[in-house]
Structure formats: structure tokens, C-alpha cells
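Working notes, structure below.
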Amino acid sequence: MEWVILGLILAVLLWGVTIYNRLVALRQTVGQSWADIEVQLKQRHDLIPNLVETVKGYAAHEGATLDAVIRARNTAVGAHTPDAASAAEGQLSGALSRLFALSEAYPDLKANANFQQLQGELSATETKIAAARRFFNNAVAEFNAAIQSIPAVFFAASLGFRQAVFFELDEAERTATRNAPQVKF
């Protein structure tokens, strides 16, 4: 009888360790995927000053727009959590869209090879950010589901596992997504 009780205790402990290790692995995946987003955001932030300088050469009197882009970039550089980054990156996206709208008013700027290259690099970076955001949000969903599922829900909070926050679109990005231009032939 003692062996049976000892076996059950050992099985429960092993089961608990397995669940704990899975939660740790999922939390690490969330952390790693956030680090991947930060790398892509840094690349985006590094491109922006060059883009602003290129635009300055053609549209120097558009100082308010250029200043807004720089302010939004500096705010985004200082954001290190998904919540803060979501808000800051939304502001930066809005400022960048106004900057790119300027190119329509300045044909020489729009035709500038440096501007086109920077715009292309930024576009490629945006695609990488979107992919990294999808991976991060998937990791967050999996982690959150694991800590809310039975049996982990009974002890996850007491072991320090807290729900992770999604990296979501802000309202400006949602509006832009809903109002995407339609191409007709």
C-alpha cells in the first residue's frame, strides 16, 4: 500500500514538473518572439532618419511633418513593452504615412533613387514586422491558453506566470486597414 501511495505522489510531482516546464518553455517563446519584433523595429527606426534627411532636401518647408516623424520615432525607440510599442508604433505609422503623402506633392522627391530605396527598405521591414508580430501574437495566445487551462490554472499565478499582452494594431492602424485603397483595372 505504501508503494502505491509513494507512486501516486511521485506521478503527481512528475506531472507538475512537466506542466511547469511547458509553461516556462512557452514563456521563453513569448520572450524570444518579442525580441524578434524589437530587432525589426530597431531596423525600422534606423531607416527613418535617413528617410527624413532625404525628404528635407526636397521639402524643407514641410518641417511640421518631418518633426512629427522624428518625435514619433523617438517615442517608438523608447517603447519596450508590447503595450507601449503598439501605441508608439501606431503613431509612427501615421506620421510615416503623412511623410509618404508628401512625395506625391514633390515629383522630384518621388523620383529620387535614394528615396525609392529607403521606401523599399522600409516596406520590406514593415513586412518583416508584420510576420514577427503574427509569430509573437501566436506565442502569446498559446502561452495564455496554457496558463488558463486546467490544471495549470490552479497554480500558474502562484508560480509567477502572468498573462502576456498581445502586440495589437492601434485604432489608427485598424482604420487604415479597413480603409485600404482598392485597385481596379
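The values are calculated or read from the model by the stated rules, or taken from the named source; none is laboratory data. Since the structure is predicted, the reported quantities are computational estimates derived from the model, not experimental observations. Methodologically, a virtual Cβ is constructed for each residue, glycine included, from the backbone with ideal geometry; neighbour enumeration extends over all protein chains shown. To get the accessible areas, we keep the full protein, side chains included, count just its heavy atoms, and leave off ligands, DNA and RNA. Shrake-Rupley method; radii C 1.70, N 1.55, O 1.52, S 1.80 Å.
Whether a residue is surrounded by 12 or more Cβ atoms within 10 Å (Cβ to Cβ) and assigned to a helix (DSSP H, G or I) was assessed, and Leu6 does not pass this test. Within segment 1-31, the set of residues being closer than 23 Å to Pro82 by Cα and in contact (Cβ under 8 Å) with a residue 24 or more places away in the chain comprises Arg22, Leu23, Leu26, Arg27, Thr29, Val30. For segment 133-152, the count of residues that are open to solvent by less than 70 Å² (accessible area, probe 1.4 Å), closer than 30 Å to Val52 by Cα, out of contact with any Lys or Arg (no Cβ under 7 Å at 6 or more places or on another chain) and assigned to a helix (DSSP H, G or I) is at least one. Which one is farthest from Ala35 (Cα to Cα) among residues in segment 161-173 that are modelled with pLDDT of 90 or more and open to solvent by less than 40 Å² (accessible area, probe 1.4 Å)? For segment 161-173, the residue satisfying everything is Phe161.
Could you check, for segment 134-141, whether at least one of its residues is β-branched (Val, Ile, Thr) and more than 30 Å from Ala59 (Cα to Cα)? Yes.
Restricting Ala157, Ala130, Ala84, Ala101 to those that are farther than 30 Å from Val24 by Cβ, free of Cβ contacts under 8 Å to residues at least 24 places away in the same chain, open to solvent by 20 Å² or more (accessible area, probe 1.4 Å) and of a type in the set (Gly, Ala, Ser) reduces the list to Ala101.
Taking (1) surrounded by 14 or more Cβ atoms within 10 Å (Cβ to Cβ); (2) within 21 Å of Lys128 (Cβ to Cβ) in turn, Glu62 satisfies each apart from (2). Return yes when Leu41 is surrounded by 12 or more Cβ atoms within 10 Å (Cβ to Cβ), without any contact (Cβ under 8 Å) to a residue 60 or more places away in the chain and closer than 17 Å to Thr125 by Cβ and no when it is not. No; evaluated as a whole, the condition is false for this residue. Scan segment 13-38 for residues that are at pLDDT below 95 and either of a type in the set (Lys, Arg) or open to solvent by 90 Å² or more (accessible area, probe 1.4 Å) (or both) and the total you get is 3.
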